[in-house]
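The values are calculated or read from the model by the stated rules, or taken from the named source; none is laboratory data. The structure displayed is predicted, hence computed values, not measured ones. Here the Cβ positions follow ideal geometry from the backbone for every residue, glycine too, while neighbour counts run over all protein chains shown. Just the protein is used for accessible areas: all its heavy atoms, side chains included, with ligands, DNA and RNA removed. Shrake-Rupley method; radii C 1.70, N 1.55, O 1.52, S 1.80 Å.
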Amino acid sequence: MGCCQDCLHYVFDYETPRTLVIPHIGVGCVFRFTQILVVLYVVGYVCVVQKAYQEKDSVISSVTSKVKGFALTNVSDMEPQLWDVADYVIPPQGEGSFFVLTNMVVTPKQRQWRCPELPSPSTTCVDDCDCIVGHSDPRGSGIQTGLCVNYSSTLQTCEVFSWCPLELDTKLPERPLLAAAENFTVLIKNSITYPKFKVHRRNIMPQINSSYLKRCEFNHVTDPYCPIFRLKHIVSEAGEEFQDLAVMGGVIGIIIDWSCDLDWWAGKCKPKYTFRRLDNKHPNRNAAPGYNFRFAKYYKTSAGEETRTLIKAYGIRFDVIVFGTVRIKSVFFTNVLIRVSVLLCLC
């Protein structure tokens, strides 16, 4: 019977907490000050600064670009030539990047034949015994034939089977051949989506029409949302001089920030453009400065012999980098914070 009574008392007894009132101004000030700190942390830091009441999503992006402009070159190895977008943009379509040719070393009328290798400690020779038939050096120009031939009146090198005459890339033009590239323009089309919230945006916004695109050019003050950029201004915004950069080439980043806060109005989600040089710009501390690669244009003579013009291309690669985070308030988390704040104020 005693055990049953204890159980009944445990289940049905009514209990109230005892309240202790301390009539002391100092203790009361510490208590209220602590409450204020908690409220300021929840409302000020968590809600306003960190915006923890919001849900987040990361951007998914696609980029296309279209460069326009013309340049004329007149060098001793080539006839005067007009360069358009099909010549100086390589490749025509890139994955979020495009390359603009600004300088080059041209080796015309090459054909597969035998010629002296370029001088180096591993290719100079005295007689045929110094050359190995079939030897191929990845850093050389071709496959050795086993003969030691005259490179000049005072120097002999191993003969190679290669595209002759061999390329001499030590004499790079000090002034970029396509100096006019600074006035080329590029249209960048960027589409983004935040799949979690089904938010879709383009950097060509709804109020932009075709007539505006024909006359606008990006400017941070007057036209901050124009998607057409002049290459000279892009390089300048990155802190570089176009004509200096164009000699040996480099890599410039076009950064599009789509960070959006959709608490109030989704129309506030607009792109912000910044520009930065991405490669090492100090040639004295860089063993391989600039940006270059080789490509060739192939021809056939009237006799059916294949020839080519080899071009070592120097230029600027523009990488379009898109990032961003969308924030939108979470109803559940907002209600929790409101209730916590109210309870703290009532205590």
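Data table
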item: Criterion (outside any loop (DSSP other than H, G, I, E, B), of a type in the set (G, A, S) and more than 25 Å from Y299 (Cα to Cα)) met by exactly one of G94, G134, G146; result: G146
item: Qualifying position, being open to solvent by less than 90 Å² (accessible area, probe 1.4 Å) and either within 30 Å of S259 (Cα to Cα) or modelled with pLDDT under 70 (or both), among V85, V89, V39; result: V39
item: Residue count for the range 191-240, restricted to those that are part of a strand (DSSP E or B) and hydrophobic (A, V, I, L, M, F, W, C); result: 4
item: Tabulated pairs, the range 176-205, first more than 21 Å from E241 (Cα to Cα), second among the small types (G, A, S) and loosely packed, with under 15 Cβ neighbours inside 10 Å, C-beta under 6 angstrom, 6+ apart or interchain; result: S191/S62
item: Some residue of the range 215-226 being over 30 Å from C131 (Cα atoms), hydrophobic (A, V, I, L, M, F, W, C) and in contact (Cβ under 8 Å) with a residue 60 or more places away in the chain; result: no
item: Residue match in the range 109-126 (condition: within 30 Å of the chain's Cα centre (by Cα) and on the phi > 0 side of the Ramachandran plot); result: no
item: Some residue of the range 160-176 being more than 38 Å from the chain's Cα centre (by Cα), surrounded by 14 or more Cβ atoms within 10 Å (Cβ to Cβ) and modelled with pLDDT of 90 or more; result: yes
item: Pick from the range 94-141, criterion over 30 Å from P80 (Cα atoms) and hydroxyl-bearing (S, T, Y), ranking: surrounded by the most Cβ atoms within 10 Å (Cβ to Cβ); result: T123
item: Hey, V75 among the aliphatic types (A, V, I, L, M), more than 19 Å from N183 (Cα to Cα), assigned by TED's automatic domain parsing to the domain that holds K297 and in a loop (DSSP other than H, G, I, E, B) or not; result: yes
